[in-house]
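Student: Just dropping this structure here.
The values are calculated or read from the model by the stated rules, or taken from the named source; none is laboratory data. Predicted, not measured: the structure shown is a model, and the values here were computed from it. Positions of Cβ are backbone-derived with ideal geometry, glycine not excepted, and every protein chain shown enters the neighbour counts. Please note that ligands, DNA and RNA were not included when accessible areas were found on the heavy atoms of the full protein model with its side chains. Shrake-Rupley method; radii C 1.70, N 1.55, O 1.52, S 1.80 Å.
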Amino acid sequence: DDDDDDDDDDDDEEESKDSIVKKHGFLKVQGNKVVDESGQVVRLRGMSLFWSQWKPQFWTAGTTRWLKKKWGITLLRCPMAVEADGYLTHPEEEMGKMKTVVEAAIKQGIYVIIDWHDHNAEQHQEEAAEFFKQMSKEFGHLPNVIFEIFNEPIFQSWNETIKPYHEKIVSVIREESSNLIILGTGTWSQDVDIAAEDPVAGENLAYTIHFYANTHKQELRDKVTKALESVAIFATEWGTCDASGDGTLNLEETKTWLDFFEQHQISDANWAISDKQEACSALLPGASGDGGWEDCELTESGHFVRSTLLKEPMLDPLPEPCPRLT
């Protein structure tokens with residue numbers, strides 16, 4: 001357990017001077033790619049936290065720092081819950097969690113996604129507009145920050161419901177910030193091809209694809225390929241298991257997806273930094289909310305994803321779970 005340098009702030013200052021954000025600066029969309037200030041294509045790789053109201057213990061500077069230093073992430077996605085006892089019920093508390101991790105990511109010199117984690121955002125458009133007005137005012141001048149304005153629409157129509165919502169929230173953010181905005185697509189952010197046929201007008205807009213490897217396979221990749229003919233794609237959420245977040249790991253199919261993302265230079269964030277007892281969680285139940293994880297605190301999915309982030313072989317055999325966690 002090599003977390004003895006956890007409080008070394010000088011380290012952080014040095015690292016942010018030499019960081020991925022220092023290197024690339026503000027991100028923009030050019031054609032079907034996300035590029036940096038000089039027009040060079042950028043592919044970010046990272047992790048998503050879990051729903052903020054259910055796993056708040058990981059919404060910390062310690063977790064953010066550990067993921068940057070020991071997992072090599074260049075991107076942290078922050079899925080702030082809206083319904084189900086989230087922002088609609090506790091706006092100040094949820095906003096506070098978001099600010100904590102956004103500020104931590106900025107300090108670490110990585111990119112960070114402010115995610116309105118909602119399946120019914122069109123029903124909460126006023127609240128979303130107020131939230132993104134505040135967030136863009138506070139953080140929209142910084143190159144680190146990316147806005148994800150509607151995590152996963154489900155059965156809503158693109159033309160009638162999802163697109164008009166995006167147009168409204170994009171216009172709110174654009175009053176303060178020209179940063180990259182990621183737009184959710186229909187059917188749990190899979191219908192990127194439908195969105196691409198009738199895109200939202202504006203600049204620096206990308207469309208999100210979500211996949212769960214044991215459920216979504218070549219057919220969904222074909223939709224992405226089609227969408228790439230005209231828009232930029234960003235994979236803000238994906239899992240190694242079933243679409244439920246649980247079930248069977250499918251690491252072979254995951255590798256096929258990650259190769260596909262590499263081929264098309266699509267950025268991605270894995271779901272999720274969580275110790276919930278389900279297959280897609282990266283951590284075992286009881287793992288620390290402050291980083292510093294030993295190998296025996298990671299799930300099989302966690303080991304796999306960390307190995308892809310670090311471009312290192314996965315541990316084989318995997319360590320037994322820490323006795324204190326069993």
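Student: Over 20 Å intervals from 0, what percent of Cα-Cα pairs in the chain sits in each interval?
Tutor: 34, 61, 5
Student: Where Rh is the Kirkwood radius over the Cα pairs of segment 65-190, the temperature 20 °C and the viscosity 1.002 mPa s, what D in µm²/s does Stokes-Einstein return?
Tutor: Value of D from the Cα-based Kirkwood radius: 146 µm²/s.
Student: Explain nothing, just the number: dipole magnitude of the chain about its Cα centre with +1 on each Lys and Arg Cβ and -1 on each Asp and Glu Cβ, in debye rounded to the nearest 20. Show your work: numbers first, answer last.
Tutor: Values: 30 positive and 63 negative charges, 211 e Å.
Approximately 1020 debye in magnitude.
Student: Going 7 Å from the Cα of Lys276 along its beta-carbon direction, which residues of segment 188-202 have the amide nitrogen within less than 20 Å of the resulting point?
Tutor: 188-190
Student: What number, in percent, do you get for the relative contact order of segment 57-101 if the mean sequence gap of Cα pairs under 8 Å and at least 6 apart is divided by its residue count?
Tutor: Here the relative contact order equals 45 percent.
Student: Given the options Glu130, Glu294, Glu219, state which has the largest fluctuation in a GNM of the chain using a 10 Å cut-off (strictly under) for Cα springs.
Tutor: Among Glu130, Glu294, Glu219, the largest GNM mean-square fluctuation belongs to Glu219.
Student: Calculate for the chain the 222 nm mean residue ellipticity that helices alone would give, adding -39,500 (n - 2.57) per DSSP H run of length 4 or more and normalising by residue count, nearest 500 deg cm²/dmol.
Tutor: Calculated at 222 nm, the ellipticity per residue is -10500 deg cm²/dmol.
Student: Once you have the Cα-Cα distance between Ser171 and Asp246, take 0.36 nm times their residue separation minus that, and quote the gain in nm to one decimal. The partial results should precede the final answer.
Tutor: Details: separation 75, 0.36 × 75 = 27.00 nm, distance 3.69 nm.
Full-extension gain reported as 23.3 nm.
Student: Can I ask one more? So, R0 is 41 Å and r is the distance between the beta-carbons of Ser157 and Arg324; what FRET efficiency does that work out to, to 0.05?
Tutor: On the way: r = 50 Å, r/R0 = 1.22.
That gives a FRET efficiency of 0.25.
Student: Here's something else I'd like to know. Taking only Cα atoms and a 10 Å spring cutoff, compute GNM fluctuations for the chain and point out the largest among Asp222, Asp268, Asp36.
Tutor: So, out of Asp222, Asp268, Asp36, the one fluctuating most is Asp222.
Student: Next question. Can you tell me, using C-alpha contacts under 8 Å and at least 6 residues apart, the relative contact order of the chain as a whole percent? List each step's numbers first, then the result.
Tutor: Details: 688 pairs, mean separation 61.1, N = 326.
That works out to 19 percent.
Student: What is the distance, in nm, between label points placed 7 Å from the Cα along the Cα-to-Cβ direction at Phe260 and at Asp295?
Tutor: About 3.2 nm, to one decimal.
Student: DSSP beta bridges in segment 192-326, what fraction antiparallel, as a percent rounded to 5?
Tutor: Approximately 10 percent, going by the DSSP bridge assignments.
Student: Also, quick follow-up: In the structure displayed, which of Lys137/Lys168; Lys33/Lys70; Lys17/Lys255; Lys28/Lys69; Lys68/Lys276 lie more than 24 Å apart, Cα to Cα?
Tutor: As for pairs spanning more than 24 Å Cα to Cα, those are Lys33/Lys70; Lys17/Lys255; Lys28/Lys69.
Student: Follow-up. Given points 7 Å out from each Cα along the Cα-Cβ axis, report the Asn120 to Lys226 separation in nanometres with one decimal.
Tutor: Label at Asn120, label at Lys226, 3.0 nm between them.
Student: Counting pairs of alpha carbon atoms under 8 Å apart in space and at least six apart in sequence, what relative contact order in percent does segment 211-282 give?
Tutor: 36
Student: Hey, another quick one. Over segment 155-290, what number does the Rg to Rh ratio reach, with both radii from the alpha-carbon atoms and Rh per Kirkwood?
Tutor: 1.01
Student: Once the convex hull of the alpha carbons of segment 283-326 is built, what does its volume come to per residue, in cubic angstrom? Walk me through the numbers before you get to the answer.
Tutor: Details: hull volume 3.0 nm³, N = 44.
With only Cα atoms used, segment 283-326 gives 68 Å³ per residue.
Student: Mind checking the per residue accessible area of segment 170-314 for me, 1.4 Å probe, whole number of Å²?
Tutor: Result: 36 Å² per residue.
Student: Considering only protein heavy atoms, with the full assembly of protein chains and a 1.4 angstrom probe, order His119, His90, His124 by accessible area, largest first.
Tutor: Values: His119 40, His90 65, His124 15 Å².
So the residues, ranked largest to smallest area, are His90, His119, His124.
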